[in-house]
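K.L.:
The structure's right below; bear with me while I get my questions together.
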Amino acid sequence: MHITRKIEVDAGHRLAHHGGMCQGLHGHRYVIEVTVRCSEQGTGTEKDMAIDFGRLKGLMVDEIHNPCDHALMLEGNDPLVHTLFGPDVARLGRTLVEEFALGAKPYSCYSGKAEHGTRFYLLPYAPTAERLAEHWGQRLVVALEELGDSRVSLEMITVFETPNCSAHWFGA
């Protein structure tokens, strides 16, 4: 049994090392679809369900929407981090990238809000649709495991950067 839930996130990003238009700061309405598989139907309040759509949405909101909606997603060592958020945040961003190069979890990130009100979400790599799918997917794998329901696991996450362009990541 499989179910799919969708959320949308408005966020800015840039690909600092990209040679094309994506090198400039710009934004997207990301559409994120998460498909989970279930080995057997639930019981109790989730009788005849894989997992309640509301519980799955709650995980997606906690792991993706709340930290990323209306935030600027950047690679931790992007020079804009220092310019926009100052030396302390830039140092944390560089550390995030360095730790990833040494084997840190690919779902690691750093998020916050600057004094001027801009929210940020720093990643250890470029915020491409492909890497966002992997990053958010791995965060959801951990969140699903923390539910303690061994019947349910992440099958796939799809990140639409535009209505015509998407990336997929398949769970373990």
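K.L.:
Look through the range 87-131, keep the residues that are assigned to a loop (DSSP other than H, G, I, E, B), over 23 Å from VAL159 (Cβ atoms) and hydrophobic (A, V, I, L, M, F, W, C), and return whichever of them is least open to solvent (accessible area, probe 1.4 Å).
P.N.:
Top of the filtered list is ALA114.
K.L.:
Out of the residues in the range 30-86 that are in contact with a His (Cβ under 8 Å, 6 or more places away or on another chain) and of a type in the set (Val, Ile, Thr), state the one that is most open to solvent (accessible area, probe 1.4 Å).
P.N.:
It comes out as THR35.
K.L.:
Follow-up question, since we're still on this one. Quick one: which of LEU25, LEU80 is modelled with pLDDT of 95 or more, at negative phi and over 19 Å from the mean Cα position of the chain (by Cα)?
P.N.:
On inspection, the qualifying residue turns out to be LEU80.
K.L.:
Further question: Within the range 132-152, can one find any residue that is at pLDDT 95 or above, among the hydroxyl-bearing types (Ser, Thr, Tyr) and open to solvent by 20 Å² or more (accessible area, probe 1.4 Å)?
P.N.:
no
K.L.:
Output the number of the condition that THR35 fails; it satisfies all remaining conditions of (1) among the polar types (S, T, N, Q); (2) touching a helix residue (DSSP H, G or I) at 6+ places or on another chain (Cβ under 9 Å); (3) within 21 Å of ILE7 (Cβ to Cβ).
P.N.:
For THR35, the exception is condition (2).
K.L.:
In the range 17-60, how many are of a type in the set (D, E, K, R), over 21 Å from MET73 (Cα atoms) and touching an Asp or Glu at 6+ places or on another chain (Cβ under 9 Å)?
P.N.:
4
The values are calculated or read from the model by the stated rules, or taken from the named source; none is laboratory data. Since this is a predicted model, take the numbers as computed values, not measurements. Cβ coordinates were reconstructed from backbone atoms using ideal geometry, including for glycine residues, and neighbour counts include every protein chain displayed. For the accessible areas, the whole protein counts, side chains as well, though only heavy atoms, and no ligand, DNA or RNA atoms are used. Shrake-Rupley method; radii C 1.70, N 1.55, O 1.52, S 1.80 Å.
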